[in-house]
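In what follows, a single structure is set out as structure tokens and then discussed.
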Amino acid sequence: MHVFYYPDLINGPPVLPETEARHGIKVLRLRRGNLIGITDGHGTFVKAEIVDDEVQNCVFRIIEQHTDARPAGPILHIAVSPLQQQDRFEWFVEKATELGVNIITPLLCERTVRPGVRTDRMQKIIISAMKQSARAWLPMLNEPVPFSEFVTRNLPMQRFIAHCMEEKKEDLFTSLEAGKDTVILIGPEGDFTLSEVQYAMEHHFLPVSMGSARLRTETAGIAACCMFQFVQTPATKSAI
């Protein structure tokens with residue numbers, strides 16, 4: 001079942017936004033009587049039937065509706081340095097959304113090469129990935145934030161900074177505790193600096209490793225998402 005995004009789903013008229021309707025009618029060839037999914041990105045997901053298949057007036061009828069007051073499970077916040085190659089950062093944003101990340105913050109570090117982020121384009125990628133994965137919650141994409149400012153914010157107590165230096169650090173997977181809101185910092189291509197790691201530790205971030213291999217920034221971000229979600233599954237850690 002194809003999923004569409006309609007932010008005014010609850011209070012608006014039962015008509016798909018024209019951009020969504022155009023994709024459904026012109027590209028996917030949906031017609032009157034077809035069933036679709038619609039989400040507002042704020043916890044409401046409905047199954048609906050297309051009543052009128054006009055692009056400018058794609059009327060739908062709600063058959064089933066489900067609303068969650070907040071995302072299921074604990075919140076995952078990934079703060080990651082923007083990358084010099086924009087497409088790699090976009091890939092991370094897309095896949096992290098599909099994997100259930102709740103908040104993404106571009107983190108401006110000492111070794112960040114390209115600090116600019118096209119948040120408008122990123123937002124479109126997030127919406128597309130949310131629809132692809134049939135999720136009811138749209139992840140929050142924050143504006144870029146300097147490292148020193150971010151780590152001093154009021155953040156969840158389960159907080160980690162992943163780096164590749166030969167400093168003492170724990171394993172991220174074994175350190176994660178299920179059911180707790182979590183923030184994980186992922187550095188730029190050149191890694192965090194020692195002073196950044198020390199500053200994060202002063203603000204109660206635990207230094208962690210993701211294994212013996214040196215991962216690209218976007219790969220590390222996806223690995224962090226996977227580990228977090230895996231830990232939330234009952235009995236997975238005890239089974240390993």
Could you pull out which residues in region 114-134 have an amide N less than 13 Å from a spot 7 Å beyond the Cα of GLN85, following the Cα-Cβ vector?
none
Once label points are set 7 Å from the Cα along Cα→Cβ at both ASP120 and LEU28, what is their separation, rounded to one decimal in nm?
2.6 nm
Under 17 Å between alpha carbons, and skipping anything fewer than 8 positions from LYS180 in its own chain: which lysines qualify?
LYS237
Over region 121-240, equivalent-ellipsoid semi-axes from the Cα gyration tensor in Å
23, 20, 15
GNM on the chain, C-alpha springs below 10 Å: top fluctuator among MET210, MET122, MET157?
MET157
Once label points are set 7 Å from the Cα along Cα→Cβ at both HIS66 and LYS168, what is their separation, rounded to one decimal in nm?
4.6 nm
Compute the angle between helix 217-232 and the longest alpha-carbon principal axis of the chain, please, reported from 0 to 90 degrees and rounded to the nearest 10.
80 degrees
P(r) tail fraction, the chain - alpha-carbon pairs more than 33 Å apart, %
27 percent
Can you give me the C-alpha center-to-center distance between region 25-46 and region 72-130, rounded to a whole angstrom?
26 Å
Partner lysines whose C-alpha sits under 18 Å from that of LYS169, ignoring same-chain residues fewer than 8 away, are none
Whole-Hz couplings from phi, Karplus 6.51/-1.76/1.60, listed for region 16-25; x for Gly and Pro
5, x, 4, 5, 5, 5, 4, 5, x, 7
Of all DSSP beta bridges in the chain, what percent run antiparallel (nearest 5)?
40 percent
Enumerate the lysines that LYS47 could reach by cross-link, defined here as Cα to Cα under 24 Å, with residues fewer than 8 away along the same chain left out.
LYS26, LYS124, LYS131
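Quick note: the coordinates plus some simple rules give every number you see, no bench work behind them. As the structure is a computational prediction, the values presented were derived from the model and not from experiment. Virtual Cβ from ideal backbone geometry, glycine too; neighbours counted across all protein chains shown.
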